[in-house]
Amino acid sequence: MTDPRVREQQQSFEEAMRQFHEQKFHKAKQAFEKVLEGPTRELVDRAQVHLRICERRMSKPPDTTPRTAEEHYHHGVAMMNLGRWEDSRQALERARKIAPKADYIIYALAALDSLTGEKVMDLIALNIRPRDIVTRKALENAAAVVAATGGSTNAALHLPAIAHECGIDFDLFAVAEVMKRTPYIADLKPSGRYVAKDMFEAGGMPLLMKTLLDHGYLHGECLTVTGRTMADNLAKVAWNPEQDVVRPADNPISPTGGVVGLRGSLAPDGAIVKVAGMKGLKFRGPAHCFDCEEDAFAAVSARRYKEGDVLVIRYEGPKGGPGMREMLSTTAALYGQGMGDKLALITDGRFSGATRGFCVGHVGPEAAVGGPIALIRDGDMIVLDAEKGTLDVEVNQSELDRRAKEWKAPPAPFRSGALWKYASEVGPARTGAVTHPGAGVEVACYADV
């Protein structure tokens with residue numbers, strides 16, 4: 001027969017959790033205190049964790065007026081945690097004006113870090129898991145924010161990989177579709193006038209997301225780590241008319257996002273290009289092919305190229321690299337020579353978020369598996385059209401088929417070890433360059449184990 005004290009303790013815990021989920025923290029605290037008197041150690045331990053959360057949630061912001069930069073920072077972060085975004089922004093802005101630059105960075109990181117562990121414990125207590133937050137609509141929100149800020153092409157790799165972990169079909173083309181319908185509104189470098197610090201001071205991500213939400217570009221019902229929806233989090237964010245870093249979503253820099261997906265005879269599995277701030281969205285030129293970035297960099301350093309060329313850097317994809325590194329050296333060298341906007345680059349590798357000019361990455365299928373990028377030769381005409389979203393090679397299909405029969409995969413750079421294993425297992429960039437089947441084939445969620 002069950003010990004009545006155990007049954008009473010369990011009932012008190014269930015009542016406490018009900019009050020906790022309804023955010024009635026005073027009543028929850030009283031119920032959790034009763035749990036501490038019971039015999040079951042596991043319930044006592046869980047009640048102690050929830051008690052600390054209740055006490056923190058019931059505590060009010062200090063009434064004392066912040067005076068030092070550090071006090072302003074902690075007040076600002078406290079307001080952020082309560083969803084009072086405008087109060088938070090004002091407090092952090094006051095701290096920035098008071099503190100030297102080094103202190104500003106230190107206080108910001110310290111204040112934010114102090115909340116991270118607490119927030120994780122809150123999410124555990126509320127049983128809110130990553131897969132509750134990462135949904136198809138949440139991924140679309142993320143892609144929209146990247147598009148609106150003219151962010152990195154790497155989003156077209158990371159977002160599909162995150163989706164894969166959650167069993168959601170959201171590949172490069174899905175990312176590109178969201179970016180196509182989202183306006184570009186943040187005037188940020190490398191193509192714009194401002195840096196991230198300027199955007200933070202203007203109102204930051206809450207300001208940008210609020211105007212996107214108000215004009216129908218975000219799904220406001222998505223759950224967030226606060227336990228509230230995105231719309232709830234942004235409800236009190238006011239537009240800042242004194243800044244020009246972020247434009248209203250109905251008056252954008254351009255009507256479509258700063259990143260564009262491409263597809264065509266050279267990229268049947270897609271490619272991605274950052275067009276934020278670019279004047280010309282079309283390019284046609286002869287291919288100049290390199291089978292690794294080092295060869296391309298050596299040629300650029302020696303100026304062995306012509307204006308109007310399309311530099312092709314291949315065998316740098318997920319399998320070919322292996323690892324799909326960023327083509328940083330070559331693009332930096334070209335801009336150092338003043339030639340960055342006078343030719344184009346395409347690769348099955350990646351480009352940095354700071355890349356400028358016509359730089360197309362993630363071309364798939366990659367060269368290492370015999371994709372069309374492996375078959376093109378010096379002099380073949382490459383046509384890029386970011387307006388139509390196409391990437392083609394002006395070589396007829398019968399000739400490409402003939403070349404494909406002659407093509408042989410080059411020797412793998414690694415024959416054993418971790419990199420060999422990675423190259424053997426990694427999938428295409430289109431779906432995130434992942435190395436396992438993903439949540440879509442799970443028969444049980446590992447978080448329940």
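The values are calculated or read from the model by the stated rules, or taken from the named source; none is laboratory data. These numbers were taken from a predicted model, which means no experiment stands behind them. Neighbour counts run over all protein chains shown; Cβ positions are idealised from the backbone, glycine included. Calculation scope for accessible area: heavy atoms of the full protein, side chains included, ligands and nucleic acids excluded. Shrake-Rupley method; radii C 1.70, N 1.55, O 1.52, S 1.80 Å.
Name the residue that is farthest from the chain's Cα centre (by Cα), counting only residues in the stretch 245-268 that are hydrophobic (A, V, I, L, M, F, W, C) and outside any loop (DSSP other than H, G, I, E, B).
The selected residue is Ala267.
Which condition number in (1) more than 16 Å from Ala125 (Cα to Cα); (2) at pLDDT 75 or above; (3) surrounded by 16 or more Cβ atoms within 10 Å (Cβ to Cβ) is the one that Gln30 fails?
Answer for Gln30: the failing condition is (3).
Given the structure, is Ala163 over 30 Å from Gln90 (Cα atoms), among the small types (Gly, Ala, Ser) and at pLDDT below 95?
So Ala163 fails the test.
Out of (1) within 18 Å of Leu266 (Cβ to Cβ); (2) not in a helix (DSSP H, G or I), the odd one out for Ala368 is which?
Unmet condition: (2).
Within the stretch 301-322, count every residue that is surrounded by fewer than 24 Cβ atoms within 10 Å (Cβ to Cβ) and touching a Ser or Thr at 6+ places or on another chain (Cβ under 6 Å).
Adding up the residues that qualify gives 0.
Modelled with pLDDT under 95 and open to solvent by 20 Å² or more (accessible area, probe 1.4 Å) - does that describe any residue in the stretch 372-388?
Taking every residue of the stretch 372-388 in turn, at least one turns out to be modelled with pLDDT under 95 and open to solvent by 20 Å² or more (accessible area, probe 1.4 Å).
Is at least one residue of the stretch 324-341 under 21 Å from Gly261 (Cα atoms), open to solvent by less than 10 Å² (accessible area, probe 1.4 Å) and in a strand (DSSP E or B)?
The answer is no, given that none of the residues of the stretch 324-341 is under 21 Å from Gly261 (Cα atoms), open to solvent by less than 10 Å² (accessible area, probe 1.4 Å) and in a strand (DSSP E or B).
Give Ala271, Ala296, Ala302, Ala344 a once-over and let me know the one that is more than 27 Å from the chain's Cα centre (by Cα) and touching a residue at least 12 places away in the same chain (Cβ under 8 Å).
Only one candidate qualifies: Ala296.
Pull up the stretch 175-201, narrow it to residues that are buried (at least 20 other Cβ atoms within 10 Å of the Cβ) and aliphatic (A, V, I, L, M), then point me to the one that is nearest to Asp87 (Cα to Cα).
Once the filter is applied, the top-ranked residue is Met199.
Taking the stretch 272-295, which residues are more than 15 Å from Glu387 (Cβ to Cβ) and either open to solvent by 20 Å² or more (accessible area, probe 1.4 Å) or modelled with pLDDT of 95 or more (or both)?
Gly277, Gly285, Pro286, Ala287, His288, Cys289, Phe290, Asp291, Cys292, Glu294, Asp295
When the residues of the stretch 223-254 are filtered to those that are small (Gly, Ala, Ser) and out of contact with any Asp or Glu (no Cβ under 6 Å at 6 or more places or on another chain), which remaining residue is surrounded by the most Cβ atoms within 10 Å (Cβ to Cβ)?
The selected residue is Ala249.
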